[in-house]
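S.K.: My questions all concern the structure below.
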Amino acid sequence: MTKVAFFDTKAYDKPSFEQYGNQHDIRFRFLETKLNEDTVDLAKGCDAVCVFVNDTVNAAVIDKLYEYGVKIIALRSAGYNNVDLRSAYGKIHVVHVPAYSPYAVAEHAMALLLTSVRRIHKAYNRTREFNFSLNGLTGFDLHGKTAGVIGTGKIGRIFIDICRGFGMKVIAYDLFPAMDSGIEYVPLETLFEHSDIISLHCPLTDDTRHMINAAAIEKMKKGVVIVNTSRGGLIDAEALLEGIKARKIGAACLDVYEEEADIFFEDRSGHIMDDDLLSRLISMPNVIVTSHQAFLTEEALNNIAETTVNNIRSCFENDGICDNELCYRCGNIEQCKKVRKQRCF
């Protein structure tokens, strides 16, 4: 039996992971605490750990896991910016879920956009108090507007299809353009200058961190709507707030936030919010924040559990490749061709 320490457990995680785990003789030790240097000892006696986006998997944590005999770090997410892959190389295999339900995230991005531009959240609050006034609820058509999509992986391309369904013109930027996709790629500065809506669908790396900053915002059209369902660190939140206060940014739709680790996924309604920046953003009438829920559909939860369990099985049962391994050695971390037909080390 394979034993897995499952960190940062939420109630919605358990059913699907228990189902697939039981099918393949994998026992999950569900832990509510996040993985970090103070909690890593909870992984003692386990063969693998399963972590989420706000777990801390730095060099110190990896060294401890390696000392305890942990063989696999299984991310139940696509993103891996919270894992020190350099430190893991040669010690512990790291696997992720590259695609669980790209439709879920893309559809949530559009839901946020529609809610914002048609003032649906404000109308909902009004009518619950029997206020049926339309004053202040004027929105704008998406048809004919230009959507700038940054990142054209699976989620980005699905979002592009949705935008086209609304009759929008789409331009895109990606360091690695999708060949023969029919997508109109433009330089990043051109995208900033011509987009009415900018939606982020790229990973967080050293190159993309704070790609939406004061200089970028200055290049954007007045009244631009920014949507982020990827990673909070893509946006300099201070610069975003200043852009909103200066009336340069017309609206912001955020499912992620750079300092979300100790805030999102928890009920903070009975506490004073220590994060002044997030408090100020939420207080803005043209800002919508959801707590990293874009992935949260029944289909996605099922796919995440199935893929994660299969990733763990492949590393223990196969003599060859670990499914969906993140390979630091080859430099092509997420798309390693694994021509050696073996694990990355």
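The values are calculated or read from the model by the stated rules, or taken from the named source; none is laboratory data. Computed from a predicted model, the values in this text were never measured in an experiment. With ideal geometry, Cβ positions are generated from the backbone for all residues, glycine too; neighbour counts draw on all protein chains shown. The area values use the complete protein model at the heavy-atom level, side chains included, leaving out ligands, DNA and RNA. Shrake-Rupley method; radii C 1.70, N 1.55, O 1.52, S 1.80 Å.
S.K.: Between ARG164 and ARG209, what is 0.36 nm times their sequence separation minus the Cα-Cα distance? Round to one decimal in nm.
M.R.: Extra length available between ARG164 and ARG209 comes to 13.4 nm.
S.K.: Under 23 Å between alpha carbons, and skipping anything fewer than 8 positions from LYS219 in its own chain: which lysines qualify?
M.R.: LYS145, LYS169, LYS245, LYS248
S.K.: Over all directions, the average projected area of the alpha-carbon convex hull for the chain comes to how many nm²?
M.R.: 18.8
S.K.: Could you give the spread of the C-alpha atoms of the stretch 132-192 along their three principal axes, from largest to smallest, in whole angstroms?
M.R.: 49, 23, 17
S.K.: In addition: Tell me the label-point distance for the pair PHE316, ALA60, using the 7 Å Cα-to-Cβ offset, in nm and rounded to one decimal.
M.R.: 2.9
S.K.: Then there's this: Of HIS121, LEU277, SER133, which is farthest on the positive side of the dipole of the chain, counting Cα position, with +1 on Lys and Arg Cβ, -1 on Asp and Glu Cβ, and the Cα centre as origin?
M.R.: With unit charges placed on the Cβ atoms, the residue in question is SER133.
S.K.: Whole number please: convex hull volume per residue, Cα atoms of the stretch 1-72, in Å³.
M.R.: 75
S.K.: In Å, what Kirkwood hydrodynamic radius results for the stretch 41-192 from the alpha-carbon pair distances?
M.R.: Averaging 1/r across every pair of different Cα atoms and inverting gives 19.0 Å.
S.K.: Right, here's the next one. Any chance you could look up the accessible area of GLU266 with a 1.4 Å probe, heavy atoms only, rounded to 10 Å²?
M.R.: My reading of the accessible area for GLU266 is about 80 Å².
S.K.: If r is the Cβ-Cβ distance from ASN81 to LEU134 and R0 is 41 Å, what FRET efficiency results, to the nearest 0.05?
M.R.: Taking R0 as 41 Å, the efficiency between ASN81 and LEU134 is 0.40.
S.K.: Can you tell me which of 196-204, 107-115 comes out highest on packing, and rank the rest after it, using the mean Cβ neighbours within 10 Å?
M.R.: 196-204, 107-115
S.K.: Calculate, in nm to one decimal, what GLU32 and PHE345 gain on full extension: separation in residues at 0.36 nm each, minus their alpha carbon distance.
M.R.: Length gained, GLU32 through PHE345: 109.5 nm.
S.K.: Mind grabbing the accessible area of LYS122 for me, 1.4 Å probe, Å², rounded to tens?
M.R.: We get 70 Å² for LYS122.
S.K.: Still on this structure, please answer the following. Provide the per-residue ³J(HN,Hα) series for the stretch 202-214, in order, calculated from phi with Karplus coefficients 6.51, -1.76, 1.60 and θ = phi - 60°, each as a whole number of Hz, with x at glycine and proline positions.
M.R.: For the stretch 202-214, the Karplus curve yields 10, x, 8, 9, 4, 7, 9, 4, 6, 5, 9, 10, 4 Hz.
S.K.: Another question about this same structure. Just tell me, in residue order, which DSSP H segments of the chain are both 24 angstrom or longer along the helix axis (alpha-carbon based) and at least -0.5 in mean Kyte-Doolittle hydropathy.
M.R.: In the chain, the long hydrophobic H runs are 298-317.
S.K.: Here's something else I'd like to know. Give me the number: length gained by fully extending ASP141 to ALA178, i.e. 0.36 nm times residue separation minus the C-alpha to C-alpha distance, one decimal in nm.
M.R.: Gain in length upon complete extension: 10.5 nm.
S.K.: Among LEU241, LEU254, VAL289, whose Cα sits farthest toward the positive end of the charge dipole of the stretch 241-315 (+1 at Cβ of Lys/Arg, -1 at Cβ of Asp/Glu, about the Cα centre)?
M.R.: Positive-end residue among those listed: LEU241.
S.K.: Shifting gears a bit: Cα to Cα, under 27 Å, and not fewer than 8 places away if on the same chain: which lysines meet these conditions relative to LYS10?
M.R.: LYS34, LYS44, LYS64, LYS71, LYS154
S.K.: Based only on the alpha carbon positions, what is the Kirkwood hydrodynamic radius of the stretch 104-256, in angstrom?
M.R.: 15.9
S.K.: List the relative contact order of the chain as a percent without decimals, with contacts defined as Cα pairs under 8 Å and 6+ residues apart.
M.R.: 16
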